[in-house]
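The values are calculated or read from the model by the stated rules, or taken from the named source; none is laboratory data. Everything quoted here is computed from the prediction, not taken from an experiment. Quick reminder, even Gly has a Cβ in these numbers, built from the backbone with ideal geometry, and neighbours come from all protein chains shown. Note: accessible area is taken over every heavy atom of the protein model, side chains too, but ligands, DNA and RNA are not part of it. Shrake-Rupley method; radii C 1.70, N 1.55, O 1.52, S 1.80 Å.
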Amino acid sequence: RDLTNASPNVQLEPVGIFQNSASFFIRGQGTGDIESAADGKVAIFIDGAVQARVSTALGDMVDVQSVEILRGPQGTLFGRNTVAGAVQLSHNKPEMNEFNGNGAVQIGDFGRQDIKGVLNIPLIDDTLAARIAFKDTNLDGYWHNNAPNVNEDEGAIDRLTILPSLR
């Protein structure tokens, strides 16, 4: 969502309560439909692999190296479904000879609790390294449904994202 404020003529938002569904618009063109039969007008590429459906295109931004927003049409470079443009997301690669890590915690209203971290482990000098990034997202929801036989929090989020990689 922060990219919406950083890029002119770009709107990158989840679709309603479907937090992993992408509603991406560039220069007013895009797709807000979450049906799996609908092709998007903005192509999403994560580490070079296309996310073919808008229903799974938006995930947690964990250990991100760069994000590129390419205004469309981008059919010459990326093929179909890039009428409005393309968004490329690249993650950090494991570092060969450096053991390092970091973490962060975010706490807020309505039971908001985000815990994220990254750990880089060199396994064999100049040959093999592993990296694992994770984010645990929790939110109690913004309202409570007290209807008979329901009694649950609406809009709650309980999601764990794990991103392992080897190099």
Query raised in the report: Roughly how many nanometres apart are two label points built 7 Å out from the Cα toward the Cβ at SER66 and ALA52?
Result: 2.8 nm
Requested in this report: Would you look at the GNM of the chain, springs on alpha carbons closer than 10 Å, and say which of ALA86, ALA156, ALA49 moves the most?
Outcome: ALA49
Query raised in the report: How large is the helix-only mean residue ellipticity at 222 nm for the chain, computed as the sum of -39500 (n - 2.57) over DSSP H runs with n ≥ 4, divided by its residue count, in deg cm²/dmol to the nearest 500?
Result: -1000 deg cm²/dmol
Query raised in the report: Counting only protein heavy atoms and using a 1.4 Å probe, what share of the accessible area of region 55-149 belongs to carbon plus sulfur, as a whole percent?
Result: 52 percent
Query raised in the report: How much of LYS116 can a 1.4 Å solvent probe reach, expressed as accessible area in Å² and rounded to 10?
Result: 90 Å²
Query raised in the report: Taking the Cα centre of the chain as origin and charging only Cβ (+1 Lys, Arg; -1 Asp, Glu), how large is the dipole, in debye to the nearest 20?
Result: 620 debye
Query raised in the report: In nm, what is the difference between 0.36 nm times the number of residues separating ILE107 and ASP33 and their Cα-Cα distance?
Result: 23.5 nm
Query raised in the report: For the chain, what is the accessible area per residue in Å² when the probe is 1.4 Å?
Result: 61 Å²
Requested in this report: Take every Cα pair under 8 Å in the chain that's 6+ residues apart, average their separations, divide by the length, and report that relative contact order as a whole percent.
Outcome: 15 percent
Query raised in the report: Once the chain is represented by equal point scatterers at the alpha-carbon sites, with solvent omitted, what log10 I(q)/I(0) does the Debye formula produce at q = 0.13, 0.19 Å⁻¹?
Result: -0.77, -1.21
Report task. Report the extension gain between SER90 and LEU119 in nm, rounded to one decimal, defined as 0.36 nm multiplied by the number of residues separating them, less their alpha carbon distance. Result -> 8.7 nm
